[in-house]
1. Just one of the numbered conditions (1) crowded, with 16+ Cβ neighbours inside 10 Å; (2) among the aliphatic types (A, V, I, L, M); (3) away from RNA strand B (no atom under 15 Å from the Cβ) is not true of A:ALA572; which one?
2. Select the helices (runs of 4 or more DSSP H) contained entirely in segment A:68-177, then report the ones holding at least 1 residues which are in contact with a strand residue (DSSP E or B) (Cβ under 7 Å, 6 or more places away or on another chain) and more than 19 Å from A:ALA47 (Cα to Cα).
3. Look through segment A:161-206, keep the residues that are within 10 Å of RNA strand B (Cβ to nearest atom) and β-branched (Val, Ile, Thr), and return whichever of them is surrounded by the fewest Cβ atoms within 10 Å (Cβ to Cβ).
4. Any residue in segment A:469-482 that is open to solvent by 20 Å² or more (accessible area, probe 1.4 Å), closer than 15 Å to A:PRO44 by Cβ and touching a residue at least 60 places away in the same chain (Cβ under 8 Å)?
5. Restricting attention to segment A:322-341, and to residues there that are assigned to a strand (DSSP E or B) and open to solvent by 70 Å² or more (accessible area, probe 1.4 Å), which single residue is nearest to RNA strand B (Cβ to nearest atom)?
6. Any residue in segment A:214-242 that's closer than 19 Å to A:LEU202 by Cβ: show its pairings with residues that are open to solvent by 50 Å² or more (accessible area, probe 1.4 Å) and of a type in the set (Ser, Thr, Tyr) at Cβ separation under 8 Å, as long as the two are six or more apart or on different chains.
7. Which residues, counting only those in segment A:631-665, are open to solvent by 80 Å² or more (accessible area, probe 1.4 Å), more than 8 Å from RNA strand B (Cβ to nearest atom) and in a helix (DSSP H, G or I)?
8. Taking A:GLY527 as the residue in question, decide whether it is more than 17 Å from the chain's Cα centre (by Cα) and either part of a helix (DSSP H, G or I) or within 16 Å of RNA strand B (Cβ to nearest atom) (or both).
Amino acid sequence: MLEGQYEAKKVEDKIYKLWEESGFFNPDNLPTRHKKPFTIIMPPTNANGNLHAGHALVMTIEDIMIRYKRMEGFKALWLPGLDHAGFETQVVYEKKLEKEGRSRFKMEGAELYKEIWAFTEENKTHIRNQVKKMGASCDWSREKFTLDQDVVKTVHKTFDKLYKDGLVYRGKRIINWCTKHQTSLSDLETSDTEQQDKFYYLKYGPFIIATTRPETKFGDKYVVMHPNDKRYAEYKEGQKIDLEWINGPITATIIKDEAMDMEMGTGVMTITPWHSGVDFEISERHNLEKEQIIDFYGKLLPIAGEFAGMKILEARPKIIEKLQQKGLVEKIEENYKHTVKTCYKCNAIIEPQIMNQWFVKMDPLAKKAAQAVRAKKITFIPDNYRKIFLHWMDNTIDWNISRQIVWGIPIPAKICDSCNAGFPDLDNKVIACPNCKKPVRADKDTFDTWFSSGQWPLVALNYPDKKDFKTFYPTNVMESGADLIFKWIPRMVIFGLYLAKKVPFNTVYLHGLVLDAKGQKMSKSKGNVINPLDLIEKYGTDALRINLVVGNTPGTSLPLDENKIRGYKNFANKIWNASKFVLMNLNDYSPKTKVVYNAKQKKILKDLQKIVKNTTKQMDSFKFYLASEEIYHYFWHAFCDKIIEEAKPALIEGANKKQRQATQQMLLEVLTTNLKLLHPFMPFITEEIYQQLPVKGKKEFLMIESWPK
RNA sequence: GGGUGAUUAGCUCAGUUGGUUAGAGCGUUGCAUUCACAUUGCAAAGGUCGCUGGUUCGAGUCCAGCAUUACCCACCA
């Protein structure tokens with residue numbers, strides 16, 4: 001019997017354990033009616049911390065889809081996983097080391113790797129428990145980690161295949177270098193920060209050039225202007241000009257390039273190809289010499305003469321002082337506003353550097369991804385993300401996949417320092433460079449984490465092994481945060497098409513951010529982070545889950561309001577009490593009794609059919625926000641407020657027996673159907689109640705009941 | 001500079017192909033209560049649907065422009 005108020009804590013862990021023991025999370029164990037596969041691969045959770053509110057939303061939405069499809073009779077697989085999350089995790093661990101007064105730069109790579117491995121193992125245990133707390137009905141027997149041996153093996157093979165197909169190359173290109181973390185970063189791993197600096201106008205021979213970074217100017221021997229700039233028409237491409245510069249006389253060469261903006265500054269600039277993206281491109285176009293001025297720790301190299309060895313910011317005023325003494329400073333503009341690229345993790349200013357790195361040639365791969373999307377092989381929810389995807393795929397730049405960190409999948413390659421060649425060597429056999437015959441060394445770098453997570457749907461299903469892959473690939477839905485529309489989603493499409501020749505999923509469902517009650521982004525620095533486990537503790541998982549769904553349209557961010565969650569806790573209690581009432585009146589009920597419904601009862605059941613039909617339609621079109629709201633409303637304001645209230649007279653002592661039986665049957669029918677409809681959203685309470693109902697043809701679990709028709 | 005959204009009740013948001021008096025949750029106010037539930041019930045207040053114009057018999061919904069706002073991308077000598 002149900003008693004008192006609903007107490008989530010007494011129910012949730014117990015029910016989850018029962019489900020887990022049933023084995024039904026594993027589609028192979030589902031009853032025979034479950035034939036057609038339905039698959040969601042869980043986005044791999046970063047194994048470097050705890051679940052946050054965003055994860056709670058992921059778990060809720062995906063579990064709703066899976067439970068719904070499972071009840072509909074699909075062979076439902078929801079495959080959980082964890083990501084080593086390369087740089088992200090290493091940064092988290094480095095912060096931990098810093099707190100302990102240690103540094104990764106004083107550690108052996110292997111030692112650091114071992115420590116981070118232990119760290120992620122510990123996190124994995126916590127994360128699993130937290131995912132279970134959310135009620136996630138995922139198949140733990142298939143859990144994957146992006147550093148599992150078979151994953152590493154597949155990722156290595158992909159690298160090799162890309163190389164052989166000419167889609168991976170080792171290039172000496174300009175990259176984003178973080179001087180703190182000592183690694184290169186992709187463009188997506190940098191952010192823009194606005195800051196105010198002094199803007200120096202310097203006399204460069206007959207020209208005035210403006211710069212915020214005089215410390216890069218030591219090697220500047222090319223002066224660039226627009227070919228159509230009339231002010232400088234007298235100067236010809238390739239013309240040499242002798243002039244006095246920071247550390248003595250130099251010879252500058254005139255370059256004309258259309259990348260110049262005539263409106264900006266004086267319309268003339270000198271270039272530093274080693275430390276600026278734009279300058280690098282100009283120098284590539286004109287085949288100019290490039291020289292490194294700043295080392296990887298942000299210190300000036302010997303080319304800086306007396307300033308060599310100084311840190312940039314220390315050297316800057318001293319350089320200006322010297323230039324002033326030489327009369328080469330025209331003017332200094334204070335408080336010049338501009339933006340600089342910074343490391344998205346430590347906010348250190350990115351120092352562009354030219355380095356030998358591995359790159360993926362994106363254009364041919366992206367074209368195929370765009371083609372598949374244009375051919376409607378993938379549906380985006382909400383639809384406008386399709387445009388964003390295509391825009392991204394139509395404007396790609398080559399992807400730097402090497403990182404100078406230990407935490408990640410090692411790049412299985414050999415490097416020749418003599419001729420700068422690099423080539424895959426999966427079996428670790430090559431000892432001499434095939435180009436110049438000189439000895440080679442093993443590449444110490446690791447892959448960008450997106451290189452492996454980009455292959456996630458494949459490796460999660462043990463590709464190229466056929467068993468699961470054949471049954472569950474392509475998967476049905478990829479559900480993910482909207483911010484991953486260009487970081488992750490395209491890479492999965494690209495690798496899916498490249499390796500398996502099929503898109504990895506047919507639908508992409510994107511959810512927005514979970515914000516605090518005031519609509520602010522949650523962040524540790526603001527101190528407004530809400531821990532989902534605290535909410536579960538206070539209100540129960542079911543209340544949290546339905547709160548995350550009702551009224552939350554895909555792609556839109558959602559403020560997390562505790563008042564609202566409290567409302568859904570009340571709803572859980574309402575479900576509990578209504579069920580308690582129905583059960584209280586079923587003591588003389590038998591499912592075998594034949595009953596005849598009166599007109600009113602027939603109408604109630606007919607109305608219920610409408611609700612079922614509508615809800616199903618909304619579930620099928622991924623409108624969980626509407627489906628949940630409709631059931632909520634029906635349960636509370638139709639079932640409780642009207643149907644139960646109006647049924648009371650027929651249940652009291654001394655009422656007509658036939659009428660009582662028909663009323664019992666009707667109430668039970670409506671209640672059971674409601675529990676089924678509610679189950680994907682509020683799995684715990686509905687399962688607990690279902691277990692106690694005298695339902696005709698009852699299944700072992702509500703979880704595997706049939707979705708009402 | 002480019003892109004994508006948003007703008008509807010005090011707050012957070014729905015409103016499906018244009019069709020009577022525009023909805024929900026939370027909040028607010030009043031009343032009720034030995035009844036499954038006070039974690040309740042009943043009732044109420046509250047919106048010229050950002051602005052301007054257009055299409056239409058009819059516009060919150062479609063089109064154009066504007067304003068405000070959020071996020072994303074690029075550039076910044």
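The values are calculated or read from the model by the stated rules, or taken from the named source; none is laboratory data. Quantities reported herein were computed from a predicted structural model and do not represent experimental measurements. In this analysis, Cβ positions are derived from the backbone assuming ideal geometry, glycine residues included, and neighbour counts consider all displayed protein chains. The protein model used for the area step is the full one, side chains on, heavy atoms only, and it has no ligands, DNA or RNA in it. Shrake-Rupley method; radii C 1.70, N 1.55, O 1.52, S 1.80 Å.
1. The number of the failed condition is (3).
2. A:149-164
3. The extreme case among them is A:THR193.
4. Taking every residue of segment A:469-482 in turn, none turns out to be open to solvent by 20 Å² or more (accessible area, probe 1.4 Å), closer than 15 Å to A:PRO44 by Cβ and touching a residue at least 60 places away in the same chain (Cβ under 8 Å).
5. Step by step, filter segment A:322-341, then rank; the result is A:THR339.
6. From segment A:214-242, the pairs are A:LYS221/A:THR251; A:ILE241/A:THR251; A:ASP242/A:THR251.
7. Hits for segment A:631-665 are A:GLU646, A:PRO649, A:LYS657, A:LYS658, A:GLN659.
8. no
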